[in-house]
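Participant: The structure under discussion is supplied below as structure tokens; questions concerning it will follow.
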Amino acid sequence: MMLANSVLIIDDDPTQVAIMKAYFMSLSVAEVKGTSNAAEALSFINKHNQNIDLIVSDLQMPEMDGVEFLRHLSNLRYAGKIAIISGVKSDILEHAARLAKMHSLNFIGQVSKPVTKSALDIVFLKVEHSKLSPKRQDDYFICQNDFSKAMRNDEIEPYYQPKIDVKTGRVIGAEALVRWHKPDVGFVSPEVLIKFAENNGRIEELTFHLFNKTIKSVVEFLQIEPDQVFATNLSPVMAKNLALPDQLLGRIRAHGLKPENFSFEVTENNVLNLDVTTLEVLSRLRILEFDVAIDDFGTGSSNIQTLRDFPYSELKIDRAFVSNATSNVFSEETVRAAVSLSHERGMKIVAEGVEDIETLQFIRNQGIEYAQGYLFSKALSHDDYIDFIKTNLTGFDLEAMLSAA
Ligand code: C2E
Ligand code: CA
Ligand code: CA
């Protein structure tokens, strides 16, 4: 069965419009129109009422909310299908869905933001939840005692994953990633560890532990190649502490280092969006001349708005998008949208999860500055990172890599 011949997408965030356009185009929908303006959408519907099969609309728009929009649609006797997309809480979505039905609109489903391909597939292709690949569950359960013991025994340390300049091939620094080697179980998943620390009030302790170790390593790394920047991941919880920027600065100064050799990666989430304290903390970091990167772009609620509101100097495109950007129109479009809007704002871009030459070629063509991924290296221990920079002092020969492929 054919989903639709003609689709109209309405969302005040142009990134979301671009992503959904690409999605419907990948389903071979003949006509896909997108607009970020609800009033414009209504006048379009007024003219082409009979010819639109499906409308996909955001619930929250500055000039007209989704609820009002539904009422107008009903007044226009729009008879095609309608689906609602929104970043608001799911109970409000449910309510709007009921409202659409009360207006006798042909309501087919709701998707919460940030939209993902699988969420869209559920609504538009009626793919069952169970058919979608389940999220890998790492079921190792951490308790407070385990963690305290690990800290005491010094089992937790940062590993360093190199970042490469995709024009010159040079190593520009690395991202510090937590590694916990628990003697009786092996490596514990970083995601599980971070979640544990965030939910149990131990994230600051863990982050400072890692940061102190990173600083000590960096002193040695810079002796080999002084022109490097080392990134530390900051949990959004920590970005609400006004004292944080000065604490971080204090630590690096104590080791005779400068902010220009450090950056911080902060993951997007809904809470981050609206928070003035976070804005102040990130701005302070920038004023102190640290780099601040928005992490996991494409997966969180990261959108054009957050890029405007927050003082980021760098954007990291999540590996989920990068790794299949060459094979999936949906991901490719997300990457394109991210690139054009960060370049407009003078931000540098890092592509995460670069695993093969085609992806390297693709990100170079897109004008992305830096790459991180298994194509170059996984995260390395202190000693291995030292070997890595020594062997790659003159940089990777990217032309040779690309022409060999
Ligand atoms: P992230 O910040 O997005 O880090 C990148 C992740 O991608 C790392 O996973 C890295 O090992 C992995 N990766 C790098 N290149 C490739 C590639 O080419 N292919 C694939 N498939 N994966 C690649 P890791 O180390 O498991 O960390 C997972 C997440 O845990 C991180 O994602 C970050 O969100 C969090 N995390 C790690 N260390 C810290 C930390 O010290 N503090 C905080 N707050 N979060 C951390
Ligand atoms: Ca990161
Ligand atoms: Ca990521």
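Participant: Condition first: farther than 17 Å from Glu157 by Cβ, within 15 Å of ligand 2 (Cβ to nearest atom) and touching a residue at least 60 places away in the same chain (Cβ under 8 Å). Now tell me which residues in region 352-388 satisfy that.
Facilitator: Answer for region 352-388, where residues must be farther than 17 Å from Glu157 by Cβ, within 15 Å of ligand 2 (Cβ to nearest atom) and touching a residue at least 60 places away in the same chain (Cβ under 8 Å): Tyr370, Ala371, Gln372.
Participant: Now, a different point. Across region 197-219, what is the number of residues that are in contact with a helix residue (DSSP H, G or I) (Cβ under 7 Å, 6 or more places away or on another chain), within 24 Å of Ile294 (Cβ to Cβ) and not small (Gly, Ala, Ser)?
Facilitator: 7
Participant: Restricting to region 166-202, and then to whatever is among the small types (Gly, Ala, Ser) and within 16 Å of ligand 3 (Cβ to nearest atom), can you tell me which residue is farthest from Asp356 (Cα to Cα)? Spell out how you get there, then give the answer.
Facilitator: The first filter runs over region 166-202 and keeps only residues among the small types (Gly, Ala, Ser), leaving 169, 173-174, 176, 186, 189, 197, 201.
Checking the rest, the ones that are also within 16 Å of ligand 3 (Cβ to nearest atom) come to 174, 176, 189.
Working: Ala174: 19, Ala176: 22, Ser189: 24 Å.
That would be Ser189.
Participant: Return yes or no: is Ala41 part of a helix (DSSP H, G or I), at pLDDT below 80, surrounded by 14 or more Cβ atoms within 10 Å (Cβ to Cβ) and small (Gly, Ala, Ser)?
Facilitator: Against the criterion (part of a helix (DSSP H, G or I), at pLDDT below 80, surrounded by 14 or more Cβ atoms within 10 Å (Cβ to Cβ) and small (Gly, Ala, Ser)), Ala41 does not qualify.
Participant: Can I ask one more? Met238 fails exactly one of the following numbered conditions: (1) touching a residue at least 40 places away in the same chain (Cβ under 8 Å); (2) in contact with a helix residue (DSSP H, G or I) (Cβ under 7 Å, 6 or more places away or on another chain). What is the number of that condition?
Facilitator: The single condition Met238 does not satisfy is (1).
Participant: Yes or no: Val281 among the β-branched types (Val, Ile, Thr) and either within 23 Å of Gly173 (Cα to Cα) or modelled with pLDDT of 90 or more (or both)?
Facilitator: Judged against the criteria, Val281 is a match.
Participant: State the number of residues belonging to region 349-381 that are assigned to a helix (DSSP H, G or I) and either surrounded by fewer than 16 Cβ atoms within 10 Å (Cβ to Cβ) or within 15 Å of ligand 1 (Cβ to nearest atom) (or both).
Facilitator: Going residue by residue through region 349-381, those that are assigned to a helix (DSSP H, G or I) are 357-365.
Pick out the ones that are also either surrounded by fewer than 16 Cβ atoms within 10 Å (Cβ to Cβ) or within 15 Å of ligand 1 (Cβ to nearest atom) (or both) and you get 357-360, 362-363, 365.
Count: 7.
Participant: If you take the residues in region 331-341 that are surrounded by 20 or more Cβ atoms within 10 Å (Cβ to Cβ) and in contact with a helix residue (DSSP H, G or I) (Cβ under 7 Å, 6 or more places away or on another chain), which one is nearest to Lys167 (Cα to Cα)?
Facilitator: Val335
Participant: Can you tell me which residues in region 89-124 are closer than 21 Å to Asp296 by Cα and buried (at least 17 other Cβ atoms within 10 Å of the Cβ)?
Facilitator: Matches in region 89-124: Val111, Ser112, Lys113, Pro114, Val115, Thr116, Lys117, Ala119, Leu120.
Participant: Sticking with this one: Among the listed residues Lys21, Lys47, which satisfies the condition of being over 18 Å from Pro114 (Cα atoms) and of a type in the set (Lys, Arg)?
Facilitator: Answer to the selection: Lys47.
Participant: Does Ala150 fit the bill of being part of a helix (DSSP H, G or I), over 15 Å from Ser263 (Cα atoms) and more than 16 Å from ligand 2 (Cβ to nearest atom)?
Facilitator: Working: part of a helix (DSSP H, G or I): yes; over 15 Å from Ser263 (Cα atoms): yes; more than 16 Å from ligand 2 (Cβ to nearest atom): yes.
The answer is yes for Ala150.
Participant: Could you please find all residues in region 44-78 being part of a loop (DSSP other than H, G, I, E, B), touching a helix residue (DSSP H, G or I) at 6+ places or on another chain (Cβ under 9 Å) and either of a type in the set (S, T, N, Q) or surrounded by 14 or more Cβ atoms within 10 Å (Cβ to Cβ) (or both)?
Facilitator: If the condition is that a residue be part of a loop (DSSP other than H, G, I, E, B), touching a helix residue (DSSP H, G or I) at 6+ places or on another chain (Cβ under 9 Å) and either of a type in the set (S, T, N, Q) or surrounded by 14 or more Cβ atoms within 10 Å (Cβ to Cβ) (or both), then Ile52, Leu59, Gln60, Met61, Met64, Asp65, Tyr78 are the ones that fit.
Participant: Which one of these does Lys240 not meet: (1) within 19 Å of Ala293 (Cα to Cα); (2) charged (D, E, K, R); (3) surrounded by 17 or more Cβ atoms within 10 Å (Cβ to Cβ)?
Facilitator: Condition (3) is where Lys240 drops out.
Participant: Only one of Pro259, Pro245, Pro236, Pro311 is away from ligand 1 (no atom under 15 Å from the Cβ), under 17 Å from the mean Cα position of the chain (by Cα) and modelled with pLDDT of 80 or more. Can you tell me which?
Facilitator: Exactly one residue qualifies, and that residue is Pro311.
Participant: Could you please find all residues in region 219-233 being more than 16 Å from ligand 3 (Cβ to nearest atom) and within 20 Å of Tyr370 (Cα to Cα)?
Facilitator: Correct list: Phe221, Leu222, Glu225, Pro226, Asp227, Gln228, Val229, Phe230.
Participant: Against the definition (assigned by TED's automatic domain parsing to the domain that holds Leu393, within 15 Å of ligand 1 (Cβ to nearest atom) and not basic (Lys, Arg)), how does Glu204 come out, yes or no? So that I can check it myself, show each step before the final result.
Facilitator: Details: assigned by TED's automatic domain parsing to the domain that holds Leu393: yes; within 15 Å of ligand 1 (Cβ to nearest atom): yes; not basic (Lys, Arg): yes.
Criteria met by Glu204.
Participant: Shifting gears a bit: Test Lys167 against the criterion of being closer than 27 Å to Leu375 by Cβ, buried (at least 16 other Cβ atoms within 10 Å of the Cβ) and within 24 Å of the chain's Cα centre (by Cα), and give yes or no.
Facilitator: No: the conditions fail for Lys167.
Participant: Going through region 322-338 one residue at a time, which ones are in contact with a Phe, Trp or Tyr (Cβ under 8 Å, 6 or more places away or on another chain) and within 16 Å of ligand 2 (Cβ to nearest atom)?
Facilitator: Selection gives Ala338 alone.
Participant: What are the pairs, 6+ residues apart or on separate chains, where a residue within region 182-206 that is free of Cβ contacts under 8 Å to residues at least 60 places away in the same chain and of a type in the set (Lys, Arg) has its Cβ under 8 Å from a residue that is assigned to a helix (DSSP H, G or I) and surrounded by 12 or more Cβ atoms within 10 Å (Cβ to Cβ)?
Facilitator: Cβ pairs passing all conditions: Lys182/Asp146; Lys182/Ala150; Arg202/Phe147; Arg202/Phe196.
The values are calculated or read from the model by the stated rules, or taken from the named source; none is laboratory data. Just so it is clear, the model here is predicted, and its values are computed rather than measured. Ideal geometry is used to build each Cβ from the backbone, glycine not excepted, and the neighbour counts take in all protein chains shown.
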